Amino acid sequence: MSPATVLEVTDLRVGLRRGDGEVPVLDGVSLTVAAGECVAVVGESGAGKTVLALAVVALLPPVMRVVGGGIRVAGTEVVGASDATTRALRGGAVGMVFQDPQASLHPAFRVGAQVAEAIEAHRPEVGRAGARAEATERLRRVGITDPRAFPHQLSGGMRQRVMLAMATANDPPLCIADEATSALDVTVQAQVLDLLASTRAATGAGLLLVTHDLGVVATVADRVVVLYAGRVVESGPAAEVLAAPRHPYTQGLAAAVPRLDRVAPVAPIPGQPPDPWDRPSGCAFRTRCPRADARCADEVPVLGAEAPGLAAVACHHPGPSA
Ligand SMILES: Nc1ncnc2c1ncn2[C@@H]1O[C@H](COP(=O)(O)OP(=O)(O)O)[C@@H](O)[C@H]1O
Ligand SMILES: [Mg+2]
């Protein structure tokens, strides 16, 4: 039996209100995360990664709304769900770790009390004292030995560990980490990523890892989904996509990563990703693409199906980099 699907996003479309109209920010995004699996969502700033993460926990900003498609978390449909359902989901079935723990931790409360609060909110039967004891143990597991510490007494990496303990306090089947380690030093980043991996291994949770960093993807992801201007342009097993990307955009991202094992110069992709209200017709990447031709301006390329040993790609001219 294949492992349970903990997240299933199907043809998700999110619109952004602009003037008296609406433009798509996510345009037909589909992906799945299985129990125990780490799926990385990558793409440049503005691709729609955070919007995707927020949509999963029904926390889109007021200027956006889901205009189509579905999101199932551990069997529960999120789109159109009641506030009570989505509140129970957050911190219950979905643990969330965001980039800035400063913004998510309350400055006036001790970290142990905050983790205990997360436990009590979803498992009241544990009781106050039980939640306190469990919080202490969960913090210890992520390397925080003093539950009486206040957030400001901890380093950025330590605060991120607290966030991790809090996000996983109810052993959620799905965790979402949005640029969770991007603000940290490289060594601390590696520690937190290790911790994320071991937590996942221990609980069998699925992880949706949002990052702009392909180095991080190579280290921890099983699968990768590449987003460009709100559409999936390539997806497949991480090792395969990183070793032999077929979409010119993924190739561009890969070429922009400094590597120790080659002397080739780092080459950023020329130009900027488009704004949602200024998206080129056809393939949105065509204005930056070395292979673009007339067809790319006319026809939106459709993401093909993944086959064994072959990633799915949405491109009229896919293939190995030149
Ligand atoms: N609160 C908001 N109001 C208006 N536009 C937004 C808001 N948040 C994000 N956007 C726009 O939505 C698009 C996707 O943003 P986002 O998901 O944050 O990108 P990423 O996380 O991939 O960098 C961008 O064009 C961004 O400008
Ligand atoms: Mg983001």
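Worth pointing out:
- Highest-MSF residue in the chain out of 52, 195, 227 [GNM, Cα springs under 10 Å]: 195
- Reduced Cα scattering model of segment 209-322, Debye log10 I(q)/I(0), q = 0.15, 0.20 Å⁻¹: -0.65, -1.15
- Available extension along the chain between residue 141 and residue 201 is 20.2 nm, counting 0.36 nm per residue and deducting the alpha carbon span.
- Taking Cα atoms only, the orientation of helix 186-203 departs from the longest principal axis of the chain by about 70 degrees.
- Relative contact order, whole percent, for segment 141-197 stands at 37, derived from Cα pairs under 8 Å and 6 or more residues apart.
- Neighbour cut-off at most 14 other Cβ (10 Å), DSSP loop, trypsin sites (Lys or Arg not before Pro), segment 72-165: 148
- Helix-derived mean residue ellipticity, 222 nm - over the chain, DSSP H n ≥ 4, -39500 (n - 2.57), to 500: -9000 deg cm²/dmol
- Projection of the Cα convex hull of segment 7-91, averaged over all directions and equal to a quarter of that hull's surface, yields 6.0 nm².
- Calculated FRET efficiency for the pair residue 219/residue 45, C-beta based, R₀ 35 Å, to 0.05: 0.95
- Relative contact order of the chain, defined on C-alpha pairs under 8 angstrom at six or more residues apart (%): 20 percent
- In a fully extended conformation the segment linking residue 129 and residue 84 would gain 13.6 nm over its present Cα-Cα distance, using 0.36 nm per residue.
- Surface analysis of the chain yields an accessible area of 47 Å² per residue, using protein heavy atoms and a 1.4 Å probe.
- Counting only protein heavy atoms and a probe of 1.4 Å, the accessible surface of segment 62-118 is 55% carbon and sulfur.
- Convex hull (Cα only) mean projected area of the chain, reported in nm² to one decimal: 18.0 nm²
The values are calculated or read from the model by the stated rules, or taken from the named source; none is laboratory data. Everything quoted here is computed from the prediction, not taken from an experiment. Backbone-built Cβ (ideal geometry, glycine too); neighbour counts: all protein chains shown. Quick note on the areas: whole protein, heavy atoms, side chains included, nothing else; ligands and nucleic acids left out. Shrake-Rupley method; radii C 1.70, N 1.55, O 1.52, S 1.80 Å.
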